[in-house]
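What follows is one structure encoded as structure tokens, with my remarks underneath.
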Amino acid sequence: MIKSREDLMNLRNKYRDDVIMRLISYDSSNRTEVMVGMADCGIAAGARDTLKVLFDEVNNARLEDVSVIAVDCMGNCDNEPIVQISTPGKPVIRYKKVDTALAKEIVAKHLVGGSILDHARMEV
Amino acid sequence: MNPTRLQVLICGGTGCISSGCLDVETAFMESLEKHGLTDEVFVLKVGCLGFCEQGPIVKVYPDNTFYVRVEGKDVEEIVVEHLLKGKTVERLLFKDPETGERYFYYKDMPFYKSQHRVALKLCGIVDPEQISDYIGVDGYQALAQSLFDMTPKEVIDLIKASGLRGRGGAGFSTGSKWEFAYNVKGDKKYVVCNADEGDPGAFMDRSILEGDPHSVIEAMAICAYAIGADEGVVYIRAEYPLAVNRLRVAIEQAREYGLLGKNIFGTDFSFDIHMDLGAGAFVCGEETALLNSVEGLRGEPRIKPPFPAVVGLWQKPTIINNVETLANIPQILLKGADWFQSIGAPGNSGTKVFALAGKINNVGLVEVPMGITFHDIIYKIGGGIRGGKKFKAVQTGGPSGGMIPVKDINIEVTFENLLKAGSMMGSGGMIVMDEDDCMVNIAKFYLDFTVEESCGKCTPCRIGTTRMYEILDRITKGQGKEDDIKELKSLGETIKDTSLCGLGKSAPNPILSTIDWFLDEYEAHIKDKKCPAGACKDLVSYVIVPEKCIGCTICARVCPVNCIHTVDQTVGKNKKLHVIDQAECVKCGACLPKCPTKAIILE
């Protein structure tokens, strides 16, 4: 039962997680897309775990305008799991051999902190 | 619920339900269970996504993939390839019928590219049966803002400044209407939502109620606060079972959450809504007839003035707003009047939803900024005329509107321009006609509807439309007389001048506008007893040209009444010439497209 404006605000924040992905995807022009190569080569190299960690960390950090998306083979199977980050208005960045530890680092340093991890970067 | 990595949105509007989306939903549930993905993927049914032509539609978020015409048997492939491996199932993407190009993202599709969704914004985003989704996307914040930060007068001034005009057809300023009711002193006032969508082919109000019912409830509460009402009524036709059901669920949930009822947000503002189901009479969409119907009287219009804002439901001041109008209100409050003014054309701010139908490639529901041209709607969004045929006219405003001919295809769609062109905005039906449509026949079709739906209160409308129908009927049967056109015009003008309500005042429009723009077609029917489009069955005959017939027998085999016989004349390679027996022919046209040598013609 909503008894005050604060009650409504609290419920909004509580329910927002369920629906924010749809809202951000609907108007996708301003979101950052984190793409994980999930073809057979990626999955064999452990992309499924990478994807899961990325997704959980992005949610924990409450990054509303970031979407984690599974995509097909990115064409450089040696370096899988590959993660590509596309932010509107910025150059596309790709990281190679992203295991779960590196995935956590990417979220903390790149997505939250805004700095590129040069040691794991690969050419686009 | 923890957020899931993927969300699968299935269009659950009436259109997609009838093309089988419920099977698709079941298939997803089974397949996800099978692959152990139920924790990773969330499946939900949302409101109408608009592209009904291509239903059932399935959207995958966050990828933004837009699958069309998905059947139960396609689901396994989507789950295995797309949801597990991130590989888009290309064969299910929308394919442009003209270019053959497939589109990965809905934003790139021409059908969506020129659209601007305001009233339909949350249709396809929120689960209409979960108030939590609506609250999660700032639902009911506009109501809170009104109650805590604004006086009723300030709310009214904001709506006035936004330039919002009634989307039900007449285009009267919503803010001014609210101000009339605000200015009337009274102990009891009402807010009524007009959801009696009656135009054949229009379904925007139904889609909003099916897809985003809470925005309408919130807007009604805002209106109630602004004018000082405590009771609301949604008048909705019983022919919309899904919309009725979703609205009922939404009202119950809003009550549970304390967003309807006594002392909303702990303030002294109280407001509740109940539904009134109409029996589907067209005239009850007229606001005063609607009020009569709610009161249990016959659905007949009242004399105006006094207007309902002053003397309305149960003689009390009443605001009646259309569903689409209301759906704009919460966003205007949250984003401001300037934002709304920045969309659309001067004096016609905002967007309008149109139900695009007829001889067009992309049938569906589209929301466009006011001031867009018909050309852009028909060719850019609508994808042009089906089968590469020639555009002839577009009918706007349903049975109350008129035809917009080729010469006016570049006019900007505004309330005023449509009136100038002899039509009207109406509730937003848009039916596209091609070269095969006979304008006299179409006019007869619409008049048939208004003859049925006239409530009978005003003699000119009751008798006059019947007389007009009889004349049109004669014309289409080849029995037209020299002065029929004069008679139609004079009857039409009289009915418009002497009827009480909008039904009679607009019923002759389709006839008058077709006479204006397509006089030659009327004359061909009356003088030459010919139907140039070949649509009036009594005026055409199917004939086989002997020089072209090769005696292949295909036409005789498809004829349902076996009226194609052979005669004793050799054609082609020792075959017999075929002839259509005109006395028996039912003019179904089945033989016409089958003839390999195009020997069958219309005369």
| task | Could you pull out the residue among A:SER4, A:SER67, A:SER29 that is closer than 30 Å to B:ILE131 by Cβ and either touching a residue at least 60 places away in the same chain (Cβ under 8 Å) or surrounded by 18 or more Cβ atoms within 10 Å (Cβ to Cβ) (or both)? | result | A:SER67
| Complete set of residues in the range B:41-56 that are closer than 19 Å to B:GLU129 by Cβ and within 14 Å of another protein chain (Cβ to nearest Cβ) | B:PHE42, B:VAL43, B:LEU44, B:LYS45, B:VAL46, B:GLY47, B:LEU49
| request: Kindly establish whether A:VAL53 is surrounded by 15 or more Cβ atoms within 10 Å (Cβ to Cβ), assigned to a loop (DSSP other than H, G, I, E, B), away from chain B (no Cβ under 11 Å) and of a type outside the set (Ser, Thr, Tyr). | output: no
| farther than 15 Å from B:PRO62 by Cβ, among the β-branched types (Val, Ile, Thr) and part of a loop (DSSP other than H, G, I, E, B): does that describe A:VAL98? | yes
| request: Restricting attention to the range B:55-104, report how many residues are modelled with pLDDT of 90 or more, assigned to a helix (DSSP H, G or I) and of a type outside the set (Asp, Glu). | output: 10
| How many residues, within the range B:123-140, are open to solvent by 10 Å² or more (accessible area, probe 1.4 Å), touching a residue at least 40 places away in the same chain (Cβ under 8 Å) and at the interface with chain A (Cβ under 7 Å from one of its Cβ atoms)? | 1
| message | With the structure loaded, tell me whether B:PHE104 is more than 24 Å from the chain's Cα centre (by Cα), within 14 Å of chain A (Cβ to nearest Cβ) and more than 20 Å from B:PHE203 (Cα to Cα) or whether it fails that test. | response | yes
| Are any residues in the range B:471-501 under 22 Å from B:VAL540 (Cβ atoms) and among the charged types (D, E, K, R), and if so, which ones? | B:ASP473, B:ARG474, B:LYS477, B:LYS481, B:ASP484
| said: Considering only residues that are within 8 Å of chain B (Cβ to nearest Cβ) and of a type in the set (A, V, I, L, M, F, W, C), which ones fall in the range A:10-50? | reply: A:LEU11, A:VAL19, A:ILE20, A:MET21, A:LEU23, A:ILE24, A:VAL36, A:MET38, A:ALA39, A:ILE43
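When you check B:ILE320 against the structure, is it closer than 22 Å to B:GLY426 by Cβ and in contact (Cβ under 8 Å) with a residue 40 or more places away in the chain, yes or no?
Details: closer than 22 Å to B:GLY426 by Cβ: yes; in contact (Cβ under 8 Å) with a residue 40 or more places away in the chain: yes.
Considered against the rule, which asks whether it is closer than 22 Å to B:GLY426 by Cβ and in contact (Cβ under 8 Å) with a residue 40 or more places away in the chain, B:ILE320 comes out as yes.
Quick one: count up the residues across the range B:174-201 that are polar (S, T, N, Q), under 26 Å from B:GLY278 (Cβ atoms) and over 18 Å from the mean Cα position of the chain (by Cα). Before the answer, list the steps.
First, the residues of the range B:174-201 that are polar (S, T, N, Q): B:174, B:176, B:183, B:194.
The next check asks that each one be under 26 Å from B:GLY278 (Cβ atoms); those that pass are B:174, B:194.
Now narrow it down to the ones that are over 18 Å from the mean Cα position of the chain (by Cα): B:174.
Count: 1.
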| request: Using the structure shown, decide if B:ASN410 is touching a residue at least 12 places away in the same chain (Cβ under 8 Å) and either open to solvent by less than 40 Å² (accessible area, probe 1.4 Å) or not β-branched (Val, Ile, Thr) (or both). | output: yes
| message | Could you go through the range B:150-158 and let me know if any residue there is within 14 Å of chain A (Cβ to nearest Cβ), in a helix (DSSP H, G or I) and open to solvent by 10 Å² or more (accessible area, probe 1.4 Å). | response | no
| Do we find a residue being buried (at least 18 other Cβ atoms within 10 Å of the Cβ), assigned to a loop (DSSP other than H, G, I, E, B) and away from chain B (no Cβ under 12 Å) anywhere in the range A:70-78? | no
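From the list B:TYR182, B:TYR190, which one is open to solvent by 40 Å² or more (accessible area, probe 1.4 Å) and either in the same structural domain as B:GLY312 (by TED's automatic domain parsing) or touching a helix residue (DSSP H, G or I) at 6+ places or on another chain (Cβ under 8 Å) (or both)? Break it down stepwise before answering.
Values: B:TYR190 fails: open to solvent by 40 Å² or more (accessible area, probe 1.4 Å).
Exactly one of B:TYR182, B:TYR190 is open to solvent by 40 Å² or more (accessible area, probe 1.4 Å) and either in the same structural domain as B:GLY312 (by TED's automatic domain parsing) or touching a helix residue (DSSP H, G or I) at 6+ places or on another chain (Cβ under 8 Å) (or both), namely B:TYR182.
Count, please, the residues in the range B:461-484 that happen to be of a type in the set (Lys, Arg) and in contact with an Asp or Glu (Cβ under 6 Å, 6 or more places away or on another chain).
Residues of the range B:461-484 of a type in the set (Lys, Arg): B:462, B:467, B:474, B:477, B:481.
From what's left, in contact with an Asp or Glu (Cβ under 6 Å, 6 or more places away or on another chain): B:477.
Here the count works out to 1.
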| request: Inspect the range B:321-329 for any residue being part of a loop (DSSP other than H, G, I, E, B), among the acidic types (Asp, Glu) and either open to solvent by less than 40 Å² (accessible area, probe 1.4 Å) or in the same structural domain as B:GLY171 (by TED's automatic domain parsing) (or both) and give the result as yes or no. | output: no
| field | The one condition in (1) in contact with a Ser or Thr (Cβ under 8 Å, 6 or more places away or on another chain); (2) farther than 27 Å from B:GLU453 by Cα; (3) open to solvent by 10 Å² or more (accessible area, probe 1.4 Å) that B:GLY166 fails to fulfil | value | (2)
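Is one or more of the residues making up the range B:243-256 over 18 Å from B:ILE135 (Cβ atoms), of a type outside the set (A, V, I, L, M) and without any contact (Cβ under 8 Å) to a residue 60 or more places away in the chain? Let's see the steps before the verdict.
From the range B:243-256, those over 18 Å from B:ILE135 (Cβ atoms) are B:243-245, B:248; that's our starting set.
With the extra rule that they be of a type outside the set (A, V, I, L, M), the set shrinks to B:245, B:248.
Now drop any that are not without any contact (Cβ under 8 Å) to a residue 60 or more places away in the chain, which leaves B:245, B:248.
The answer is yes, given that some residue of the range B:243-256 is over 18 Å from B:ILE135 (Cβ atoms), of a type outside the set (A, V, I, L, M) and without any contact (Cβ under 8 Å) to a residue 60 or more places away in the chain.
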| field | Only listed residue being in contact (Cβ under 8 Å) with a residue 40 or more places away in the chain, within 11 Å of chain A (Cβ to nearest Cβ) and open to solvent by less than 20 Å² (accessible area, probe 1.4 Å), chosen from B:LEU84, B:LEU143 | value | B:LEU143
| note | Counting only residues that are open to solvent by less than 10 Å² (accessible area, probe 1.4 Å) and within 14 Å of chain A (Cβ to nearest Cβ), the range B:13-40 contains a total of 1
| task | Scan the range B:554-571 residue by residue and report those that are surrounded by 13 or more Cβ atoms within 10 Å (Cβ to Cβ) and not in a strand (DSSP E or B). | result | B:ILE554, B:CYS555, B:ALA556, B:VAL558, B:CYS559, B:CYS563
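The values are calculated or read from the model by the stated rules, or taken from the named source; none is laboratory data. Keep in mind that this is a model prediction, so the values were computed, not measured. Neighbour counts are summed over all protein chains in view; Cβ atoms, including those assigned to glycine, are modelled from backbone coordinates with ideal geometry. Remember, those area values only see protein heavy atoms, side chains included, never the ligands or the DNA or RNA. Shrake-Rupley method; radii C 1.70, N 1.55, O 1.52, S 1.80 Å.
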